[in-house]
Amino acid sequence: MTVALALPTRRVEEWKYSDLARALGDAGFGEASARVSVGAIPAGVEMFDLDEPNRPDWVKAHYGKLNGNAVSAISLAKARGGIALRVPKGKIIEDILPLDFAGEGHVRALLVLEEGAALTLSEKFDAHETRNTGFEIVLGPNAQLNHVRLSPVSDCVQVEEISLTLARNAVYRGHFANFGAKLSRIELAIVLNGEGAEAHLSGVSVLSGDKHADVTTKVTHAVGRTQSTQLFKKVAAGKAQAVYQGKVIVAHGANGSDSHQTAKALLLDGRAEADLKPELEIFADDVKCAHGAAVGDLDADSLFYLRARGIPEKDARHLLIHAFLEDALTDIANADLREMIRGAVSVALNEVSA
Amino acid sequence: MLDIKNLHVAVGGKEILKGLNLKVDAGQVHAIMGPNGSGKSTLSYVLAGRAGYEITEGSISYNGEDLAALPPEVRAAKGVFLAMQYPVEIPGVTTMMFLKSALNAQRRSRGESEMDAIGILKTVRKKASALNVSEEMLKRALNVGFSGGEKKRLEILQMALFEPKLAILDETDSGLDIDALRLVAEGVNGLRAPERAMLVITHYQRLLDYIVPDRIHVLANGRIVAEGGKELALELEAKGYEQIVKDAA
Amino acid sequence: MSSAALETKETVAGLGEKYKYGFVTDIEMERAPKGLSEDTVRFISAKKGEPEWMLEWRLAAFRRWLSMKEPTWARVHYPTIDYQNAYYYAAPKNTPLKQSLDEVDPKLLETYKKLGIPLHEQMALAGVAVDAVFDSVSVATTFKDKLNEAGVIFCPISEAIRDYPDLVKKYLGTVVPVTDNFFATLNSAVFSDGTFVYVPKGVRCPMELSTYFRINASETGQFERTIIVADEGSYVSYLEGCTAPKRDENQLHAAVVELVALDNAEIKYSTVQNWYPGDENGLGGIYNFVTKRGDCRGVRSKISWTQVETGSAITWKYPSCILRGDESVGEFYSIAIANNYQQADTGTKMIHLGKNTRSRIISKGISAGKAQNTYRGLVSVYGKAENARNFTQCDSLLIGGECGAHTVPYIESRNPSARVEHEATTSKIAEDQLFYCLQRGLGQEEAVALIVNGFCKEVLQQLPMEFAVEAQKLVGISLEGSVG
């Protein structure tokens, strides 16, 4: 058992750009359990504390069932406590559900949206302690989840794996805004299990200093007529490192799968680094799959154009960086959450160009 | 030349043509008119031999031969040409290269000698200028980035080049403005010949102002429901399909 | 049986005939004893009449290899190779050390003629010099005298070790170090022949150079080593071709190719790889585990790789460029076709070290049958590579629903003024494209070949004219029976 729970080294392909063992040091993640709380629970959402005895059937049916990565296996084994949430069949929740992670150590969460249920989830965490989060999300047929995760700047190690499974016609929209940590890793393992299921992922990273942010996605089109899109934009200044690894798998026979991936990074300083690895694994022929990736700096022509119209260089750069990030932000469906992320991006950009 | 008897065709298990009869002689131009979903495109595809169009009953005789038994490329070599409603784009294959490959494949199939590149180029150039197909278009990849009008002109150029015996024009007027339509129609009219039959498939009467048919057939719900001379087109235009179909019933 | 099913069956039956280079030349061979040990290494070195330094170099590599593990990261699967159950040296008996064409065994001349490579200079393709490597030895090299006049050295590497030891010492192992990887280290220990090219300062090599590799002997691996050095301001275009007999066994081919381009020099390296791919059930075929790397050592130097990979049961190959010199240029143009049970894992590495370096990657992967085809590539921009530029286009075409197409690009940038762009698409031969071609009279296979050649066009254009037509035909032949 201890072997299976070992931390991945950089020799493990998926952890090539994130040296977890080194960032954690000898202490590792430790044995502690972190906490998770819901600010104000919207009417109609059921909640169960995973630390309590007598788990209800819906928790038993789904908890710990999705195959996670090596690190989420550790949180599953070690976390005592966490939260399970359920939106019952047909229930459409208008209010935003705020989910907050705090404390040091391992923590788990489970979210189940039953058939036709809909929810908007805002996920945040306290950045002052090292944490390993394992989050399972189950979307029933026609369920809809809008998910926005904000990762504030942190001097600690922040690791979260989100495993998602989508039944037919379920739609997931996830946005991941990341401002870096000593080591920040968000991993999304998404399986489109029913026809008509859609996953739309977007994210922005604004990094400075010696911060690191790794977004790793694995989207499996297990059946045909499923759709996935990904749009990730990254800005790295100082000695920061921005990582995107995205793997799209189209299973044998999953005809009619449609997938598009874009990852772009802007490097603002000589010591910043971007590592992009958009990957395709295709086992069906009737598919539409494409990806694009680019690293560069601001377009010199655009910069000149703005300056020629009288905008000082610093402002012009600022404007262009905002513009670069903007299309990933417009994907956030909920206007309040979109403005919240925009605000956080502005603050981070002031840091970067200050 | 073409004799279709009681033709039933199913696509994906659904019957589209339900007992169609049609006879076209050499030297004649026939028009098939009909509303959307009447089976016009199915008829053109089944004549050209596209996979997935299953003949469940009836026969297609072409110069005394059972057309249905032949693979599409053999039909092409034997003179069946389908000008498609949506000509296909093939990236990386230049138009000239495609014309040359197709022409020589047909010649080989007929046991004729292949034409050399220069001979083909000369022939193509001559016919291309009449249709306002530029040299530059011939150098581009087949249909890639062509406008609707360019694609249709290229189809007619191929028709002129391959000199088919039976030319089927499927909605050749769709997506064309009036000038482009006139140009295409001139091209088609120039190819009318005693040894050639044409089947012009269209939704609208306006194409038939330019390509005047010898006979018009109205296709509705998988069958020919009305037939007549060129004046039938005007009647259709005036009354609409619904009325004609009702009258015929 | 429906006509379509019958047609498919006939096409599949015809497949066995499609590999037209599958014959065996019946010729008396001399081999090293089976297996791999220091003795094998000594045997090979002695056979080549090598100096002591070369033997020591090989032995050091062999000792190193013993401690290394076979790489497993590529998406290829094969049973464990028993390195002791193969021959590491096989040569036709009585191969003279320095051949003139008149001395070459007529059986060998006949073999190469059958492969479409006539070696008699009066019959040879005008403007192309050939080094013919048969199993472990070079059996003939054409136009050597003509090239000598221009100062170009074009000879078997075993000859170069004897005749130009200083040049060989200066460059051998400097691009692909002895310790580079398992297969390269194995090659360093047991390499037998290959080609050595040196183009002196300011010389534009007057003809295309080429090496034709033929595996003939059974149970034998081929381990060639090629070095091409383009001195300042020179230019050379080099092409290699490869074939092997049809056999039920798998044979190993582990080559190392090192290219060095000095200031303002350019090397164009083209490969048409047509090793026996195995039969339609995946039986037999060559394991092609090859390390190829070019070093743009000088300013404004350029190395361009073009490969058409249609053969081999397994291809494991990443021709790469180290862009060390400022303003140097690296290119990689690739067509990889995998049909039946073939597995290809191929791509490139572009390592940008110098300022204003540029690289371009165009990869076209075609998968058919039950084959798996992977593009794996790295573009790495180091901190000092100001204004580095890369563009990568990586397209996959799938024919049928039983095969796989995979794209694994790594993009690593550490310089803000660098610009790296990568695009990838996946498509299939659309049913309407095929029907359109058929309607205009093209046969099924002809239509597939036409569409696939269109898909590959950007890469085919890079080949020297003499070989482009052959390669186009090969693309068609490799896919026979894939659509039915």
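The values are calculated or read from the model by the stated rules, or taken from the named source; none is laboratory data. Bear in mind that the values here come from a model prediction, so they are computed numbers and not experimental data. A quick note on method: Cβ atoms are made from the backbone with ideal geometry, for glycine too, and the neighbour counts reach across all protein chains shown.
Rundown of residues vs (1) out of contact with any helix residue (DSSP H, G or I) (no Cβ under 8 Å at 6 or more places or on another chain); (2) more than 7 Å from chain C (Cβ to nearest Cβ); (3) at positive phi; (4) of a type in the set (S, T, N, Q), yes/no style:
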{"position": "A:240", "(1), (2), (3), (4)": "yes, yes, no, no"}
{"position": "A:256", "(1), (2), (3), (4)": "yes, yes, yes, no"}
{"position": "A:268", "(1), (2), (3), (4)": "no, no, no, no"}
{"position": "A:277", "(1), (2), (3), (4)": "yes, no, no, no"}
{"position": "A:286", "(1), (2), (3), (4)": "yes, no, no, no"}
{"position": "A:294", "(1), (2), (3), (4)": "yes, no, no, no"}
{"position": "A:300", "(1), (2), (3), (4)": "yes, yes, no, no"}
{"position": "A:309", "(1), (2), (3), (4)": "yes, yes, no, no"}
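Regarding residue C:359, is this residue modelled with pLDDT of 95 or more, in a strand (DSSP E or B), of a type in the set (S, T, N, Q) and surrounded by fewer than 24 Cβ atoms within 10 Å (Cβ to Cβ)?
For residue C:359, the condition - modelled with pLDDT of 95 or more, in a strand (DSSP E or B), of a type in the set (S, T, N, Q) and surrounded by fewer than 24 Cβ atoms within 10 Å (Cβ to Cβ) - is not met.
Against the conditions (1) more than 24 Å from the chain's Cα centre (by Cα); (2) small (Gly, Ala, Ser); (3) on the phi < 0 side of the Ramachandran plot; (4) within 14 Å of chain B (Cβ to nearest Cβ), residue C:441 satisfies every one except (3).
Out of all the residues in the range C:413-422, is one or more more than 30 Å from residue B:109 (Cα to Cα), charged (D, E, K, R) and in a loop (DSSP other than H, G, I, E, B)? The answer is yes; a qualifying residue exists. Quick check: anything in the range C:337-349 over 16 Å from residue C:405 (Cα atoms) and surrounded by fewer than 24 Cβ atoms within 10 Å (Cβ to Cβ)? Yes, the range C:337-349 contains at least one residue that is over 16 Å from residue C:405 (Cα atoms) and surrounded by fewer than 24 Cβ atoms within 10 Å (Cβ to Cβ).
I'd like to know if the range C:281-296 contains one or more residues that are at pLDDT 95 or above, part of a loop (DSSP other than H, G, I, E, B) and within 22 Å of residue C:378 (Cβ to Cβ). No, the range C:281-296 contains no residue that is at pLDDT 95 or above, part of a loop (DSSP other than H, G, I, E, B) and within 22 Å of residue C:378 (Cβ to Cβ).
Of all residues in the range A:308-332, those that are surrounded by 16 or more Cβ atoms within 10 Å (Cβ to Cβ), more than 19 Å from residue A:266 (Cβ to Cβ) and small (Gly, Ala, Ser) total 0. Inside the range C:330-342, residues that are assigned to a strand (DSSP E or B) and out of contact with any Ser or Thr (no Cβ under 7 Å at 6 or more places or on another chain) make up a count of 1.
Under the condition of being part of a strand (DSSP E or B) and within 14 Å of chain C (Cβ to nearest Cβ), the residues counted in the range B:10-40 number 1.
Just so you know, in the range B:41-83 the residues that are among the charged types (D, E, K, R) and surrounded by fewer than 23 Cβ atoms within 10 Å (Cβ to Cβ) include one that is nearest to the other protein chains (Cβ to nearest Cβ), and it is B:50. Of the residues making up the range A:153-163, just one is surrounded by fewer than 21 Cβ atoms within 10 Å (Cβ to Cβ) and in contact (Cβ under 8 Å) with a residue 60 or more places away in the chain, namely A:153. Against the criterion of being more than 30 Å from residue C:283 (Cα to Cα) and either assigned to a helix (DSSP H, G or I) or away from chain B (no Cβ under 14 Å) (or both), residue C:349 qualifies.
How do the helices (runs of 4 or more DSSP H) wholly within the range C:427-484 filter down when requiring 1 or more residues that are touching a strand residue (DSSP E or B) at 6+ places or on another chain (Cβ under 8 Å) and farther than 25 Å from residue B:51 by Cβ: which remain?
C:444-460, C:465-478
Annotation: of all residues in the range B:92-140 being assigned to a helix (DSSP H, G or I) and β-branched (Val, Ile, Thr), the one that is surrounded by the fewest Cβ atoms within 10 Å (Cβ to Cβ) is B:118. When residue A:21 is tested against the conditions (1) touching a residue at least 60 places away in the same chain (Cβ under 8 Å); (2) small (Gly, Ala, Ser); (3) not in a loop (DSSP other than H, G, I, E, B), the lone failure is (1). Scanning the range C:75-91 for residues that are in contact (Cβ under 8 Å) with a residue 40 or more places away in the chain and more than 23 Å from the chain's Cα centre (by Cα) turns up C:84, C:85.
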